[in-house]
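This report concerns only the one structure given below.
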Amino acid sequence: MSAPTTTPAPTTPAPTTGVTATTTGVTATTWPSASGAPATAGSVVGPAVMPSAQPLPDRPAAGRAPVPAVTVEDLHIAFGRGAARREVVHGVSFTVARGECLALVGESGSGKSVTARSLVGLTGAGAQVRAASLALGGTDLLRFGERDWRRLRGGDVGLVLQDALVSLDPVRAVGREIDEALRLHTRLTRAERAERVVELLDHVGVPDPDVRARQLPHELSGGLRQRALIAGALAGEPDLLIADEPTTALDVTVQAQVLDLLARLRDEGRTLLVISHDLAVVSRLADRVAVMQDGRIVETGPTASVLTDPQHPYTRRLLAAVPAEHAKGTRLSVPVAVPPDAPAAELADAPKDAATDAPTGVPTDPPAGRPAEAVAARVPSPDRHPVGEVVARLDGVARSFAGPDGQPRVAVREVSFTLRAGETLGIVGESGSGKTTTARILLGLTEPTAGTVEVHGRSWSGLTARERRALRRDVQVVHQDPLSSFDPRHAVGRILGDALGVAGVPRSRRRDRAVQLLEQVGLTAEHLDRRPRQMSGGQRQRVAIARALAPAPRLIVCDEPVSALDVSVQAQVLDLLADVQAETGVAYLFISHDLGVIHHVSDRVLVLSGGEVVEHGDVRDVFSAPQHPYTQRLIAAVPRIATPATTSSATPPAPQPQPQPRPAQHPTDPHLSDRTAS
């Protein structure tokens, strides 16, 4: 086997703190591939041609400067060859001290995840990685081969990914997953490994760890799955824990529990590299933050400084796009001004989706300074459409399903509300609280076992198939992931054309009407011939909204419509929904686990727990003075920007004197009633 050849170039010492752009030379490392051609450092090639790993150095002796846990200097990552070559990371540099938590933040496509994955050799077979320095505790990772990466992953570096249900083997108990990591990276006996599995699960806060270790991933809640994934990442006693979007799509209380766990690991001396687009999560966990845009670090520093006094326009736009209590009634997305005396300018430093979704023009950046000052410069939302007649009513609705043992399991119980034209009702609650079941009952997709459901004064029960289809034109839905709800073989024109056909629009008029729908959601006729995968996430969600608007509905159910989107794209979609409502008077039933989004978009909010309504009232009242302990716990668990990176328990708050209950009222229209807390 040929030894790798290294061509060093003069370099300056890597910085020990902060993030510094460098113009130093690059150490290029190559080794023969299976075909004999040289392979770029970082490429994934066969283990038969890999050099041996360097051992991790011991802790520095007294008096010596400590070696950073992670050193990245002038990192470049590219994919493709020749004319198709595209560099996605451009000269990124940073260090992470031992026991420190650094967060890489940015939107999809900013390069944060591929930067982190370069530290564990998971950039992909086609990646070309070069850097002046890429080191873990002083060990040169540029000389690593696949055999070395395998030793590193799960041993010296633990990796926690976004979706534990995808990361864990669905047919293997979680204890066996952790046992495998122990078998590969320790010398424990089988009995010692079994004992260590229980210890690890207990350490990350899994109750009854000996029982949970024998369960399959689908038998655990989302929070327990994520804890089990973290336990597996800790099995090899790693020096570095990389957490890539570890709390995305988790309920607010589960998210808080996972954040508390990561913060405790940080306080125990673990080194953490966190990748996230959620600035509130970063605010709660990270010591320092590095903001990435288009493959470059544009701002870095202590977390509190960056998030309370952002200097770069991109950072300010990210902060201004986060729904906040003082931002209700304003637009979240960055306003774009087209100069009257010049052609539309290119959005050179706009977020990825802003450049494709927003009208072309010059971005008007929020002012520098604190986030509240940036929010103060926001444009007010459009005038609200007057609240009109009742479009939907649920009265005492319940639904039960047969459990695995044949016994009935109650999904929702005694759910009642009304929804009027031009109004938004938000529904919040943890997974399993009955949110989606309630929405399906309203849509006529699930039959209630008790109670009545009326849409435009008509009950779903007793309708013929033709009558149900006609009524469904007035009730549409926007899903969380439009990519999974579109036919990938169809272009946008076909997708909208089919929806218009169901709505009874003649074939000769469908293309013109489809163009009108696209323009209504901020797209153009050019998008008609594109397929879903050729569009950004924000564009796909705009098409989903256009499809929902095709039959001119009076009610749209929005089921987690922005939970998978970056913060600026989320802001654009929320503003679009507000524009559509102001223009058409459509009513929204808005389901989300993000309480900040619910507070921003909703007029009223319904809090579900265990299938029951525990609180219902005006959104400002519920969020400012929640009456029910469950609502108090949900709101207390919400991470907020610009708070110290300390833990805050997701358990219910300590008992406090409860406010006196308001006098019971029983008006004829529940919409007009005072807040209720059961």
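No lab work stands behind these numbers, since they all come straight from the coordinates. These numbers come from a predicted model, not from an experiment. A quick note on method: Cβ atoms are made from the backbone with ideal geometry, for glycine too, and the neighbour counts reach across all protein chains shown.
Order these by the 10 Å Cβ neighbour count, fewest first: Thr253, Thr418.
Thr418, Thr253
Go ahead and run the numbers for FRET between Ala125 and Glu87, Cβ-Cβ distance against an R0 of 25 Å, rounding to 0.05.
Calculated transfer efficiency: 0.90.
Which trypsin sites (Lys or Arg not before Pro) from the stretch 62-137 combine a DSSP loop assignment with at most 13 other Cβ atoms within 10 Å?
Sparse-neighbourhood loop trypsin sites (Lys or Arg not before Pro): Arg64, Arg81, Arg85.
State, to one decimal in nm, how far the label point of Arg511 lies from the label point of Glu389, with both points 7 Å from Cα in the Cβ direction.
3.8 nm
So what's the stretch 89-156 giving for Cα Rg divided by 2.2 N^0.38 Å, two decimals?
Ratio of Cα Rg to 2.2 N^0.38 Å: 1.12.
Grab the beta carbon distance between Gln534 and Asp405, set R0 = 35 Å, and tell me the FRET efficiency rounded to 0.05.
0.15
Which ³J(HN,Hα) values in Hz, rounded to whole numbers, follow from the phi angles of the stretch 551-559 under the Karplus curve 6.51 cos²θ - 1.76 cosθ + 1.60, where θ = phi - 60° and Gly and Pro get x?
x, 6, x, 9, 8, 10, 8, 9, 9
Go ahead and run the numbers for FRET between Leu216 and Phe79, Cβ-Cβ distance against an R0 of 41 Å, rounding to 0.05.
Between Leu216 and Phe79 the formula returns 0.70.
Excluding Ser484 itself, calculate the net charge of residues whose Cβ lies under 13 Å from the Cβ of Ser484, where each Lys or Arg counts +1 and each Asp or Glu counts -1.
Local net charge: -2.
Compute the Cα gyration tensor for the stretch 497-638, then decide on rounded, prolate or oblate, letting a ≥ b ≥ c be the square roots of its eigenvalues: rounded whenever a/c is under 1.5, prolate when a/b is larger than b/c in the other cases, and oblate in all that remain.
prolate
If you build the Cα gyration tensor of the stretch 152-290 and take the root of 5 times each eigenvalue, what three semi-axes come out, in whole angstrom, biggest first?
Sorted largest first and rounded, they come to 24, 17, 12 Å.
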